[in-house]
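Visitor: One structure coming up, written as structure tokens, with questions to follow.
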Protein chains: 2
Amino acid sequence: MGLQMAEQCVTLIDVGLRDGFQSIGPLIPTDIKIAILRGLHASGIRRIEATAFVSEKAVPQLADAVELLRAAQALPGMDPQVLVPNERHAERALRAGATHLSFVLSVSERHNQGNVRRTPRESAGEYRRIVAGLPSGIQIRLNVATAFDCPFDGAVAPTTTLALMDELVDVAPQAEICLCDTTGRVTPDRVSALFAAAKARFPHAPYWAFHGHDTFGQGTANVMAAWTAGVDRIDASIGGLGGCPFAPGATGNVATEDVVWMFQHMDIETGIDLEPLTDVARSAASLPGASWGGRVRDALTAQRSRLATARDGSCA
Amino acid sequence: MGLQMAEQCVTLIDVGLRDGFQSIGPLIPTDIKIAILRGLHASGIRRIEATAFVSEKAVPQLADAVELLRAAQALPGMDPQVLVPNERHAERALRAGATHLSFVLSVSERHNQGNVRRTPRESAGEYRRIVAGLPSGIQIRLNVATAFDCPFDGAVAPTTTLALMDELVDVAPQAEICLCDTTGRVTPDRVSALFAAAKARFPHAPYWAFHGHDTFGQGTANVMAAWTAGVDRIDASIGGLGGCPFAPGATGNVATEDVVWMFQHMDIETGIDLEPLTDVARSAASLPGASWGGRVRDALTAQRSRLATARDGSCA
């Protein structure tokens with residue numbers, strides 16, 4: 001026995017190909033998407049939300065779901081999850097060969113109606129049917145959207161979120177549970193409090209994740225709050241792409257490169273190489289129509305060029 | 001005795017007029033600076049770093065220090081501090097009527113040489129002389145720059161920072177002590193650790209402040225870490241203006257409006273009205289040559305317009 005500390009690890013799930021691309025109006029050619037996907041893989045990312053199986057009419061940007069899923073599955077070691085809002089689309093995803101379903105429902109009645117045209121209780125029924133019919137070896141993730149805040153109704157009470165989770169957690173005890181700040185309006189205190197309450201209420205749930213947006217500048221602060229609450233699976237989006245068509249102003253998931261930078265500088269292992277990741281982030285952020293976020297891209301560029309020594313002054 | 005919780009308060013010190021403006025190349029007309037100053041005051045801000053008394057040749061942007069100080073002192077309830085790097089400039093500031101000096105030195109030898117052309121030990125001597133000659137009723141603040149990280153030499157060991165503080169803290173036991181992340185490269189874990197160590201080593205020091213940059217997207221995360229460590233005085237810069245001429249890439253103090261938004265949403269009293277503050281932030285961020293930061297300005301604009309309901313999709 002030595003004094004060596006156990007190495008701490010965090011798993012980052014890049015949702016840019018889904019949450020990010022979905023927010024971009026102009027259709028992105030599939031080969032450009034696949035180039036970004038491959039760039040993510042080359043930088044060390046092994047978990048992504050590759051696409052969503054949803055109505056192609058409603059979300060034409062993700063109409064190439066099958067191709068994206070195949071391209072992701074072709075990458076060694078990559079674990080691509082795909083978003084599904086109901087049983088019908090889950091079946092489509094499984095037929096296309098998906099091995100990791102990412103089911104989403106919202107705590108907020110209005111957001112769930114707008115997002116998937118069901119009450120949260122009806123969506124809970126969809127989740128039960130998906131899990132009941134899940135072939136062995138297929139992983140499932142439960143995304144609890146508007147877990148903290150609804151774009152229409154404002155703050156969501158923790159009791160409301162926990163009450164819906166009461167109906168869901170035991171349906172698939174091994175599912176990864178992701179509490180989502182859909183609007184970016186949560187603050188670190190509430191991230192800490194809800195994860196503490198949820199982990200106390202569902203002590204047998206083994207896998208917890210956090211999904212946040214940087215819309216109001218709380219991105220890394222909330223990720224840090226989740227991490228401190230014992231959450232070691234973090235959603236982020238390359239280049240800070242993202243948003244939600246039903247969450248006005250919710251442009252920008254927390255940028256993957258900013259989150260990687262943070263964890264690396266805290267000596268927490270991400271398995272990701274920041275330099276190539278940042279190159280991919282620059283490509284993603286420069287896509288036509290993209291609403292980007294994050295600071296690390298520009299900071300690394302400036303750090304590299306070190307042009308600023310010509311001026312003088314006093315600074316703190 | 002009731003169950004009512006004591007109201008929590010945080011004091012924000014806007015450093016945009018100094019740290020922000022100093023980083024802007026094109027000279028800002030003094031009346032524009034004063035308009036921003038008055039806007040800050042109207043939004044409820046009562047502490048600012050109004051300017052710096054430094055070499056006018058080296059920092060022509062702050063050559064109007066006397067006018068800015070006077071304009072700030074004319075605002076009811078405003079407590080304007082002015083940055084001073086040595087005894088000579090402190091005397092100039094006092095002659096101009098300053099009532100609150102903000103002394104700066106760096107832990108890092110190279111940064112201090114570049115910034116104020118002295119060794120940290122020589123700067124400590126300047127601080128001792130300033131404090132020795134301080135007229136009664138004049139407040140002093142001690143800014144410990146590069147307390148965490150140096151733009152030239154990288155991470156600064158906590159022991160190095162604490163050793164320099166050993167020479168400084170008892171010089172003026174009532175001084176506010178501000179630990180500054182000059183480069184924006186610190187992470188929340190190190191903010192927490194250094195404040196914990198400093199407060200344990202100097203338990204008699206009553207006033208602690210944190211000054212951070214958002215260069216690498218750690219702005220609010222680090223502010224939250226400082227707050228959690230018991231630091232209730234936070235520097236921020238309107239519109240996220242800021243940087244350091246000797247810290248390449250260190251563009252952008254954490255934006256005041258983002259910090260105010262965070263504390264307000266945690267029910268921590270700031271005394272500041274976010275709406276007019278955000279208007280001032282928009283003016284500041286649109287100054288020619290400004291390098292801005294922060295997310296709240298755009299988020300509030302988007303939230304107000306709520307244009308996004310026309311599109312469809314699934315989001316988490």
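The values are calculated or read from the model by the stated rules, or taken from the named source; none is laboratory data. The structure presented is a predicted model; accordingly, all values stated were derived computationally and were not measured. Cβ atoms come from the backbone with ideal geometry, glycine included; neighbour counts cover every protein chain shown. The area values use the complete protein model at the heavy-atom level, side chains included, leaving out ligands, DNA and RNA. Shrake-Rupley method; radii C 1.70, N 1.55, O 1.52, S 1.80 Å.
Visitor: Using the basic label-point model (7 angstrom from Cα toward the beta carbon), what is the A:D232 to A:A197 distance in nanometres?
Guide: 2.6 nm
Visitor: Using just the C-alpha positions of the stretch B:11-302 as equal point scatterers, what log10 of I(q)/I(0) does the Debye formula give at each q in 0.13, 0.17 1/Å?
Guide: Listed by q, the Debye log ratios stand at -0.81, -1.52.
Visitor: Put A:E7, A:E257, B:E122 in order of accessible area, largest first, 1.4 Å probe: what do you get?
Guide: Numbers: A:E7 130, A:E257 0, B:E122 95 Å².
Order by accessible area, largest first: A:E7, B:E122, A:E257.
Visitor: What number comes out for accessible area per residue over chain B if the probe is 1.4 Å? Units Å², please.
Guide: On the way: 11430 Å² over 316 residues.
Solvent-accessible surface per residue comes out at 36 Å².
Visitor: With the label 7 angstrom out along Cα to Cβ, how close does B:E269 come to the same site in each of the other copies, in nm, nearest first?
Guide: 4.9
Visitor: Given charges of +1 on the Cβ of Lys and Arg and -1 on the Cβ of Asp and Glu, with all other atoms neutral, how large is the dipole of the protein assembly as shown about its Cα centre, in debye to the nearest 20?
Guide: Values: 56 positive and 68 negative charges, 122 e Å.
Roughly 580 debye for the protein assembly as shown.
Visitor: Copy-to-copy spacing for A:G44, label 7 Å out on the Cα-to-C-beta vector, in nm, shortest first?
Guide: Output for A:G44: 4.3 nm, nearest copy listed first.
Visitor: Ordering B:I138, B:I32 from largest to smallest accessible area (1.4 angstrom probe), what's the sequence? If you can, show how the numbers build up before the last one.
Guide: Details: B:I138 35, B:I32 70 Å².
So, going from the largest accessible area down, we get B:I32, B:I138.
Visitor: Placing a label point 7 Å from Cα toward Cβ, how far apart in nm is B:R304 from its equivalents in the other copies, listed shortest first to one decimal?
Guide: So the distances to the same position in the other copies read 3.7 nm.
Visitor: Relative contact order, percent, of the stretch A:171-227 when contacts are C-alpha pairs under 8 Å separated by at least 6 residues?
Guide: Numbers: 74 pairs, mean separation 29.4, N = 57.
Once divided by the residue count of the stretch A:171-227, the mean separation gives 52 percent.
Visitor: Here is a further query. Between the stretch A:10-88 and the stretch B:35-97, what is the C-alpha centre distance in whole Å?
Guide: Comparing the Cα centres of the stretch A:10-88 and the stretch B:35-97, I get a distance of 52 Å.
Visitor: Give, rounded to the nearest 20 debye, the magnitude of the charge dipole that chain B has about its Cα centre when Lys and Arg contribute +1 at Cβ and Asp and Glu contribute -1 at Cβ. Kindly include the intermediate steps, with their values, before the conclusion.
Guide: Working: 28 positive and 34 negative charges, 99 e Å.
For this selection, approximately 480 debye.
Visitor: Would you mind finding the longest exposed-site-free stretch of chain A, with exposed trypsin sites (Lys or Arg not before Pro) meaning DSSP loop and at most 12 other Cβ atoms within 10 Å?
Guide: Looking at chain A, A:58-305 is the longest stretch - no exposed trypsin sites (Lys or Arg not before Pro) with at most 12 other Cβ atoms within 10 Å.
Visitor: Grab the DSSP H runs of chain B that are 4 residues or longer, score each as -39,500 (n - 2.57), total them, divide by all residues and round the 222 nm result to the nearest 500 deg cm²/dmol. Could the numbers behind the result be given before it?
Guide: Working: 11 runs with 117 residues, N = 316.
Roughly -11000 deg cm²/dmol at 222 nm, from the helical runs in chain B.
Visitor: At a threshold of 8 angstrom on Cα-Cα distance, excluding pairs fewer than six apart, so keeping six or more, what relative contact order does the stretch B:11-302 reach in percent? Display every interim value, and only then the final one.
Guide: Details: 621 pairs, mean separation 57.7, N = 292.
Once divided by the residue count of the stretch B:11-302, the mean separation gives 20 percent.
Visitor: What does the charge count around A:N86 come to, taking other residues whose C-beta lies under 12 Å from its C-beta (Lys +1, Arg +1, Asp -1, Glu -1)?
Guide: Working: positive: A:R88, A:R92, A:R117, A:R118, A:R128, A:R129; negative: A:E87, A:E91, A:E122, A:E126.
Net charge in that neighbourhood comes out at +2.
Visitor: In what order, largest first, do B:H100, B:H204 sit by accessible area if the probe radius is 1.4 Å? All intermediate terms of the calculation are to be shown ahead of the outcome.
Guide: Values: B:H100 5, B:H204 95 Å².
Solvent-accessible surface, decreasing: B:H204, B:H100.
Visitor: Which residue, A:I272, A:V259, A:P151, has the largest displacement toward the positive end of the dipole of the stretch A:11-297 when charges sit on each Cβ (Lys, Arg +1; Asp, Glu -1)?
Guide: Selected residue: A:P151.
Visitor: On the rotation axis linking copies A and B, which residue of A comes nearest by its Cβ, and by how many whole Å?
Guide: A:A221, 2
Visitor: Can you run phi through the Karplus equation (6.51, -1.76, 1.60; θ = phi - 60°) for the stretch A:158-174 and list ³J(HN,Hα) in whole Hz, with x for Gly and Pro?
Guide: Using θ = phi - 60°, the values come out as x, 4, 5, 5, 5, 5, 5, 5, 3, 7, 10, 4, 6, 4, 9, x, 8 Hz.
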